[in-house]
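Presented below is the structure to which this report refers.
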Amino acid sequence: MDSQFSKAELERYSRHLIIPEFNIEGQRKLKESKVLVVGAGGLGSPLLFYLTAAGAGTIGIVDFDTIEESNLQRQVLFTVDDIGKSKAKTAAQRLKRLNPHVEFRVYDTQLTSDNALEIIRDYDVIADGTDNFPTRYLVNDACVILGKTNVYASIFRFEGQVSVFNHLMPDGSRGPNYRDLFPEPPPPGLVPSCAEGGVLGVLPGIIGSLQANEVIKIITGVGEPLAGRLFLFDAFSFETRTVKVAKDPDTKEITKLIDYIEFCGLNNSSQKTEENMVKEITVQELASLKENGSDYQLIDVREPYERKIASIEGELVPLAQIMSFADNIARDKKVIIYCRSGSRSAQAVIQLEKQNGFDNLYNLKGGILAWAKEIDPTVAKY
């Protein structure tokens, strides 16, 4: 019996050990490895499950979010009993029950330019399961600075993609990184988040599993990683493509971490887009209007099914129908438009102002999510 593995471990990993290309050496490399998973949500759930089951020795989990009911459609790590709890802590507790031979390190905090290098430094492979551009660029740049392999994945609606960035190549050089593929982030608002655009629940299970596969291949040296390649999967048509990714000689050298919120154009002070120039009203101000019985018009531009989940009243006019509703919108009093988070309602304000000349429209800042968080917690979050 191998002295590094107990009898229970040898039995647990026996299906790995009998693979000729994998065997005891591959399992030993897994046990000695340290993997950091950034994001314990849709992608993080299958990624963490399979890395834990496979026997990665130390797994770090970075996530500062809490579990919501709308997560359960795809984030299979969690149950209804976990709603309101920390994702990172809850994930570690459940995974420990799956494999007690794995050590978990929990970072119940947001990854930022101030802490990223310190957190990432101690790990062999970084797996990026985040859902926003500032964190993707942050993870990429930290991996480049520290010389770490970045196993990347992303999902949206029916589509997913996987790649391996900044991988150490056989000749000692580093493969392409995220900036070689995407030098600049898209304009703010052009690519909606999963919360706004949706995602098929099974898709992160597929893509997160592929991401775990790449992590295991890199650690064990078995197979050919997706370095220099981007795998694309369309669940709607069940089509796949793999495209080559080359290093861009024009990619600027990465020597320090920056303000990634500003870099991605999400800082109102750094970039005035149409959306963040829209007049806004806070949920506290709306609550005050309600309480005082003020005369105003409230319009909900979400879909009917969303209204059934949560509502703060008002007239229901889905965004696609808002222009045809223009004649019913008051011009002699304050008109407040809201949606889930404030993005669609801002679009409605922009359209109505441009095409109909309204000057009395206000976007509810933060939407119904802000109302649920700051005014009435009994309003369902989704």
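Annotations for the structure displayed:
- Most simply put, the chain has about 40% antiparallel DSSP beta bridges, counting only bridges with both residues inside it.
- Along the chain, longest interval not containing exposed GluC sites (Glu not before Pro), exposed being DSSP loop plus at most 13 other Cβ atoms within 10 Å: 22-252
- By the beta-carbon count within 10 Å of each Cβ, the least crowded to most crowded order of Ser324, Ser6, fewest first, is Ser324, Ser6.
- Per-residue ³J(HN,Hα) for region 201-206, Karplus 6.51 cos²θ - 1.76 cosθ + 1.60, θ = phi - 60°, Hz, x for Gly and Pro: x, 7, 4, x, x, 5
- Degrees, to the nearest 10: 133-146 long Cα axis against longest axis of the chain: 30 degrees
- For region 29-153, the relative contact order comes to 30 percent (Cα pairs under 8 Å, sequence separation of at least 6).
- Using a cutoff of 8 angstrom between alpha carbon atoms and counting only pairs six or more residues apart, the relative contact order for the chain works out to 13 percent.
- Rounded, prolate or oblate (a/c below 1.5 giving rounded, otherwise prolate when a/b exceeds b/c) for the chain by Cα gyration tensor: prolate
- Fewest-first ordering of Asp295, Asp128 by other beta carbons within 10 Å of each residue's beta carbon gives Asp295, Asp128.
Quick note: the coordinates plus some simple rules give every number you see, no bench work behind them. Model, not experiment: these values are computed from the prediction. Don't worry about glycine lacking a Cβ; one is built from the backbone with ideal geometry, like all the others, and counts go over all protein chains shown.
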